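The structure under discussion appears below in the form of structure tokens.
The values are calculated or read from the model by the stated rules, or taken from the named source; none is laboratory data. The structure displayed is predicted, hence computed values, not measured ones. Neighbour counts are summed over all protein chains in view; Cβ atoms, including those assigned to glycine, are modelled from backbone coordinates with ideal geometry.
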Amino acid sequence: MAKVLCVLYDDPTTGHPSSYAREDLPLVPGYPGGQTLPSPRGLGFTPGHLLGSVSGALGLREFLESQGHTLVVTSDKDREGSEFDRELADTDIVISQPFWPAYLTAERIARAPRLKLAITAGIGSDHVDLDAAIEHDVTVAEVTYSNSISVAEHVVMMILSLVRNYLPSHQVVLDGGWNIADCVSRAYDVQGMHVGTVAAGRIGTAVLRRLKPFDVHLHYTDRHRLPREVEQELGLTFHESAADMVPHCDVVTINAPLHPETEGLFDDKLIGSMKRGAYLINTARAKIADRDAVVRALESGQLAGYAGDVWFPQPAPAEHPWRTMPHHGMTPHISGSTLSAQARYAAGTREILENWFADEPIREEYLIIDSGKLAGAGAHSYSTNK
């Protein structure tokens with residue numbers, strides 16, 4: 001029998017919900033491009049309920065414990081002597097979310113001799129040291145596409161929020177004010193702007209599709225060029241690199257995974273090559289953008305706004321400069337953890353576990369590391385140092 005260590009974010013401050021704003025979720029028959037939804041043999045939860053916090057346990061408790069497995073669920077992961085560290089030594093499977101990542105460093109993996117499977121409930125497995133996973137033959141899997149549309153919607157919302165100066169205008173209402181000039185002095189139309197995405201995978205392409213009706217000029221860069229028919233359908237301009245693309249754009253959105261080639265990509269030099277007064281959106285990973293370079297660019301006016309939901313570390317400390325920098329639209333890491341997305345990535349996590357326990361193959365698109373090398377989505381999107 002296996003020991004499963006599941007790291008999830010804390011329950012709401014008022015306790016786990018007993019009722020919800022909506023009674024059910026809209027029916028989504030499949031993902032764009034024909035990829036099928038997760039297909040576990042059972043669910044063990046009600047779609048639309050809060051599953052990603054500790055009490056929700058991704059709906060896995062009855063499934064695992066009824067088969068004799070041990071499930072430990074905690075949010076305590078970062079402090080010295082955390083429950084995560086105490087439980088890790090004899091753990092077989094670790095489950096974590098990108099929104100509350102359990103950082104599986106090389107040191108932690110070395111202290112977990114029984115660890116054989118690391119699952120990301122969601123997409124984005126950069127919180128796992130992939131080189132160490134390869135060295136120790138740890139399979140890494142994630143629920144590909146489960147929250148891609150959720151993130152894409154969040155990106156579009158953040159673009160509109162920054163360009164239209166929504167958050168400061170809303171604050172005027174909260175403060176009891178009514179100065180129209182204060183609200184509109186930084187507000188523009190998105191129509192006619194040039195918008196580019198760094199990476200045009202599942203999320204980046206979904207962002208482009210959602211932006212097309214706004215009558216903007218769309219740009220992208222990716223190491224895998226999109227099919228010609230997609231470029232023509234969306235009116236896309238391809239650029240060989242981010243450095244080639246960003247000088248043309250009024251808005252840049254980062255939708256790339258974090259790996260050695262993208263870490264620190266948006267530094268002073270690259271941000272300085274953007275149009276003065278451009279907007280930068282980052283719902284990918286915080287370390288793709290240099291923290292202090294972003295602050296400097298906002299303070300100088302090189303960037304008109306920065307928005308995102310990714311931080312390093314997560315959770316971000318109270319003194320993190322992105323909390324107080326000017327003209328930002330930051331949120332906690334929430335873009336991919338809507339109740340709709342939770343239902344999909346909880347189902348996908350269960351599917352991975354069912355296959356693992358039955359010694360059946362995990363579907364290829366869920367794999368990041370398998371048999372000591374990059375595989376599946378990992379081979380397409382990630383790079384390693386080995």
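Does region 199-215 contain at least one residue that is surrounded by fewer than 19 Cβ atoms within 10 Å (Cβ to Cβ), over 19 Å from S148 (Cβ atoms) and touching a helix residue (DSSP H, G or I) at 6+ places or on another chain (Cβ under 9 Å)?
Within region 199-215, one or more residues are surrounded by fewer than 19 Cβ atoms within 10 Å (Cβ to Cβ), over 19 Å from S148 (Cβ atoms) and touching a helix residue (DSSP H, G or I) at 6+ places or on another chain (Cβ under 9 Å).
Looking at region 1-24, which of its residues are within 21 Å of the chain's Cα centre (by Cα), crowded, with 17+ Cβ neighbours inside 10 Å and part of a loop (DSSP other than H, G, I, E, B)?
The one that is within 21 Å of the chain's Cα centre (by Cα), crowded, with 17+ Cβ neighbours inside 10 Å and part of a loop (DSSP other than H, G, I, E, B): L8.
Give the residue that is surrounded by the most Cβ atoms within 10 Å (Cβ to Cβ), with candidates limited to residues of region 300-313 that are among the aliphatic types (A, V, I, L, M) and within 24 Å of P257 (Cβ to Cβ). Walk me through it before giving the result.
In the first step, residues of region 300-313 are kept if they are among the aliphatic types (A, V, I, L, M); the result is 303-304, 307, 310.
Subset that is within 24 Å of P257 (Cβ to Cβ): 303, 307, 310.
Values: L303: 28, A307: 23, V310: 25.
Per the stated criteria, the residue is L303.
So which of G81, G44, G30, G34 is under 19 Å from S337 (Cα atoms), of a type outside the set (D, E) and surrounded by fewer than 11 Cβ atoms within 10 Å (Cβ to Cβ)? Reasoning before the result, please.
Values: G81 fails: under 19 Å from S337 (Cα atoms); G44 fails: surrounded by fewer than 11 Cβ atoms within 10 Å (Cβ to Cβ); G34 fails: under 19 Å from S337 (Cα atoms).
Matching residue, one of G81, G44, G30, G34: G30.
On the basis of being free of Cβ contacts under 8 Å to residues at least 40 places away in the same chain and buried (at least 16 other Cβ atoms within 10 Å of the Cβ), does L236 make the cut?
Details: free of Cβ contacts under 8 Å to residues at least 40 places away in the same chain: yes; buried (at least 16 other Cβ atoms within 10 Å of the Cβ): yes.
Yes, satisfied.
Would you check if there is a residue in region 152-175 being over 20 Å from the mean Cα position of the chain (by Cα), more than 28 Å from T253 (Cβ to Cβ) and either at pLDDT 95 or above or outside any helix (DSSP H, G or I) (or both)?
Yes, region 152-175 has at least one match.
Within region 260-274, does at least one residue satisfy the condition of being crowded, with 19+ Cβ neighbours inside 10 Å and closer than 20 Å to G336 by Cβ?
Within region 260-274, one or more residues are crowded, with 19+ Cβ neighbours inside 10 Å and closer than 20 Å to G336 by Cβ.
So is S55 under 23 Å from the mean Cα position of the chain (by Cα) and either over 21 Å from I119 (Cα atoms) or free of Cβ contacts under 8 Å to residues at least 60 places away in the same chain (or both) or not? Reasoning before the result, please.
Numbers: under 23 Å from the mean Cα position of the chain (by Cα): yes; either over 21 Å from I119 (Cα atoms) or free of Cβ contacts under 8 Å to residues at least 60 places away in the same chain (or both): yes.
Taking the combined requirement at face value, the residue satisfies it.
Can you tell me which residue among R350, R296, R323, R276 is of a type in the set (K, R) and within 29 Å of L43 (Cα to Cα)? Step through it out loud before you land on a result.
Details: R296 fails: within 29 Å of L43 (Cα to Cα); R323 fails: within 29 Å of L43 (Cα to Cα); R276 fails: within 29 Å of L43 (Cα to Cα).
Answer to the check: R350.
Of A377, A297, A316, which residue is buried (at least 20 other Cβ atoms within 10 Å of the Cβ) and under 19 Å from the mean Cα position of the chain (by Cα)?
Working: A297 fails: under 19 Å from the mean Cα position of the chain (by Cα); A316 fails: buried (at least 20 other Cβ atoms within 10 Å of the Cβ).
The unique qualifying residue is A377.
Does I134 count as at pLDDT 95 or above, in a helix (DSSP H, G or I), over 21 Å from G52 (Cβ atoms) and in the same structural domain as A118 (by TED's automatic domain parsing)?
On the way: at pLDDT 95 or above: yes; in a helix (DSSP H, G or I): yes; over 21 Å from G52 (Cβ atoms): yes; in the same structural domain as A118 (by TED's automatic domain parsing): yes.
For I134, the condition - at pLDDT 95 or above, in a helix (DSSP H, G or I), over 21 Å from G52 (Cβ atoms) and in the same structural domain as A118 (by TED's automatic domain parsing) - is met.
If I filter region 168-198 down to residues being of a type in the set (A, V, I, L, M) and closer than 23 Å to P213 by Cα, which single residue comes out as surrounded by the fewest Cβ atoms within 10 Å (Cβ to Cβ)?
Here is the first cut: in region 168-198, the residues of a type in the set (A, V, I, L, M) are 172-174, 180-181, 184, 187, 190, 193, 195, 198.
Then drop every residue that is not closer than 23 Å to P213 by Cα, which leaves 187, 190, 193, 195, 198.
On the way: A187: 13, V190: 19, M193: 19, V195: 25, V198: 28.
Once the filter is applied, the top-ranked residue is A187.
Being under 21 Å from K3 (Cα atoms), among the aliphatic types (A, V, I, L, M) and without any contact (Cβ under 8 Å) to a residue 40 or more places away in the chain is the filter here; which residues of region 129-164 pass it?
A132
One residue is enough: does region 359-366 have a residue meeting the conditions within 19 Å of the chain's Cα centre (by Cα) and of a type outside the set (S, T, N, Q)? Show your work before the answer.
Keep residues of region 359-366 that are within 19 Å of the chain's Cα centre (by Cα), which gives 365-366.
Subset that is of a type outside the set (S, T, N, Q): 365-366.
Yes - at least one qualifying residue is present in region 359-366.
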